[in-house]
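These notes concern the structure reproduced below.
The values are calculated or read from the model by the stated rules, or taken from the named source; none is laboratory data. Model, not experiment: these values are computed from the prediction. Neighbour counts are summed over all protein chains in view; Cβ atoms, including those assigned to glycine, are modelled from backbone coordinates with ideal geometry.
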Amino acid sequence: MDTLCVVPVRATKRGEERTPLDGSHDVLICGASFAGLAVARELAGSGADVLVIDRYEIGERQTSACGIPTLWMEALGLMDAERQRFDSLLFHTPHGDARFPLPFTFSTFDYRELCALLWAQCDASFETAKVNGRRPAAGDREIAVETDRGAISAPLVVDALGWRRMLASGDGYQPPDAPLSRGLEVHPEGTGEDLELWIDRRYVPAGYGWSFPAGDELRIGVGSFDPGFHVRETTELLAEDLGADRVRYQGNWIPHKLRRGAEGGVFFAGDSAGHCLPLSAEGIRTALYFGIALGRELRGVVEGRQDRETAAARYAEFNDSHEWKFRWMLRVQRLVPKIPPRVVGPLLRLLSARRLVEWSFGHYLEIAPPEFAGSRPAGSANDQEGAGDQQGDADQPPGAERDLVEAE
Ligand SMILES: Cc1cc2nc3c(=O)[nH]c(=O)nc-3n(C[C@H](O)[C@H](O)[C@H](O)COP(=O)(O)OP(=O)(O)OC[C@H]3O[C@@H](n4cnc5c(N)ncnc54)[C@H](O)[C@@H]3O)c2cc1C
């Protein structure tokens, strides 16, 4: 692939700019994508010394097709990052199409802009650093994290690093023998009217293909619930079928099983806690939702209203209270590939009846409802200009260094 041979243009600091980084903070948030930024946003104005770290600059590496219920963008004040809005979902199967009229709209957004907008609502500090793992405890209350710029410690540490769950002690997943799906997409220039999904074994035996238009860009990809199925060839096939260029790859493993929210003194949110929903592989909304819930618990600690253990217990309880919903969605995810292909088209047309869609999508939204986001926390400070300045080149091959792109 041409694109994968291009050296990415990085905004990330290199060489001498990468000064040693160590010391102690009130809160250390590892991972500056949806989950990590949602936690930081919730801590704005608390007076806590919060450090956010990521191996890339904020918004530098897109981690998804960036489709989300519009209501969530509205609730978080992120509408400026919206690129396109959809009031229906168009399914394609080898045995006909079905259009679901949605009871709420979905939007696609610009990743870097959305991250910048979230960051503008935080008053934390940010540094680029690659997390290597945990270090032996620096003291009774401190948790130390080893990075490529030194060891950083804090009594409150968040792992928002994605599916790898790097700061866990001993329950790491190794693909492909783990409850992980895999997804890969290309981002060609192009336009489209519809949010489109393909349930077609030509592209993937268990999973689906998609095309998400986002203004002047399409995000075309394939996700497989079976981690053993390589999606690269069929992602390219789908792009080819749609007459789109196979450029700017982006891919990753996607967890489809809920994991513990807190463990060994560390808190987990987003993909690190398995918060991506099975079946739909929708993980942005839930990363924001659980990130907010966690941020609120941590705020209780830094403001002296509760201790870390109470926060961990409360967050774990909140996390676990969603387990049955994730379990049900996983059941459906496992069921879908067993439905004979000739039945899928007619079945989808039956399910597309407006009242049924309203009922099912209403329940689906309730898993992580937008009202939960509440209002913007007081005291946010970082100006957007600074965050925007950190961004890299949109033409880089976004997935070039990511595990799945390499694996494919
Ligand atoms: C191809 C594809 C398309 C998808 N499309 C959608 C979609 O349209 N809508 C949707 O809702 N969900 C989608 N998802 C799922 C969604 O991307 C994830 O669930 C979501 O990004 C999880 O957010 P997060 O903040 O937990 O993790 P991530 O967004 O993965 O962020 C993890 C952060 O940690 C950083 N990091 C990782 N390792 C290290 C390290 N060692 N040191 C320092 N930093 C590190 C990364 O740079 C990154 O910034 C898609 C997934 C894939 C793979």
TODO: From the list Pro213, Pro227, Pro205, pick out the single residue that is in contact (Cβ under 8 Å) with a residue 40 or more places away in the chain, within 14 Å of the ligand (Cβ to nearest atom) and not in a strand (DSSP E or B).
DONE: Pro227
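Return the total of residues in the stretch 249-258 being assigned to a loop (DSSP other than H, G, I, E, B) and within 12 Å of the ligand (Cβ to nearest atom). Please lay out each step first, then the result.
Of all residues in the stretch 249-258, those assigned to a loop (DSSP other than H, G, I, E, B) come to 256-258.
Pick out the ones that are also within 12 Å of the ligand (Cβ to nearest atom) and you get 256.
Adding up the residues that qualify gives 1.
Looking at Arg349, Arg314, which one is assigned to a helix (DSSP H, G or I), at pLDDT below 95 and surrounded by 12 or more Cβ atoms within 10 Å (Cβ to Cβ)?
Numbers: Arg314 fails: at pLDDT below 95.
Answer to the check: Arg349.
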Task: Unique match (being within 20 Å of Trp210 (Cα to Cα), out of contact with any strand residue (DSSP E or B) (no Cβ under 7 Å at 6 or more places or on another chain) and modelled with pLDDT of 95 or more) among Pro337, Pro278 - done: Pro278
Task: Residues of the stretch 165-177 that turn out to be within 15 Å of the ligand (Cβ to nearest atom) and either surrounded by fewer than 24 Cβ atoms within 10 Å (Cβ to Cβ) or on the phi > 0 side of the Ramachandran plot (or both), as a count - done: 7
TODO: Determine the pairs where a residue that is under 19 Å from Phe361 (Cα atoms) and assigned to a helix (DSSP H, G or I), located within the stretch 280-305, has a partner that is β-branched (Val, Ile, Thr) and within 13 Å of the ligand (Cβ to nearest atom) with Cβ atoms under 6 Å apart, the partner being 6 or more residues away or on another chain.
DONE: Ile284/Ile68; Arg285/Ile68
Open item on the list: Name the single residue that is surrounded by the most Cβ atoms within 10 Å (Cβ to Cβ) among those in the stretch 352-368 being within 30 Å of Ala44 (Cβ to Cβ) and in contact (Cβ under 8 Å) with a residue 60 or more places away in the chain.
Closed with: Ala368
- [ ] Would you check which residues across the stretch 86-110 are over 25 Å from the mean Cα position of the chain (by Cα) and of a type in the set (A, V, I, L, M, F, W, C) and list them?
- [x] Ala98
TODO: Any chance you could count how many residues in the stretch 109-152 are farther than 21 Å from Trp163 by Cα, of a type in the set (Gly, Ala, Ser) and in contact with a Leu (Cβ under 8 Å, 6 or more places away or on another chain)?
DONE: 3
Task: Hits in the stretch 43-70 - residues which are under 15 Å from Leu117 (Cβ atoms) and either in a helix (DSSP H, G or I) or near the ligand (Cβ under 6 Å from one of its atoms) (or both) - done: Cys66, Ile68, Thr70
Open item on the list: Could you check the stretch 115-164 and list, in sequence order, the residues that are within 14 Å of the ligand (Cβ to nearest atom), touching a residue at least 40 places away in the same chain (Cβ under 8 Å) and charged (D, E, K, R)?
Closed with: Glu127, Lys130, Arg134, Asp148, Arg149, Asp159, Arg164
- [ ] Can you tell me which residue within the stretch 267-303, out of those that are within 20 Å of Leu51 (Cβ to Cβ) and surrounded by fewer than 24 Cβ atoms within 10 Å (Cβ to Cβ), is farthest from the ligand (Cβ to nearest atom)?
- [x] Glu303
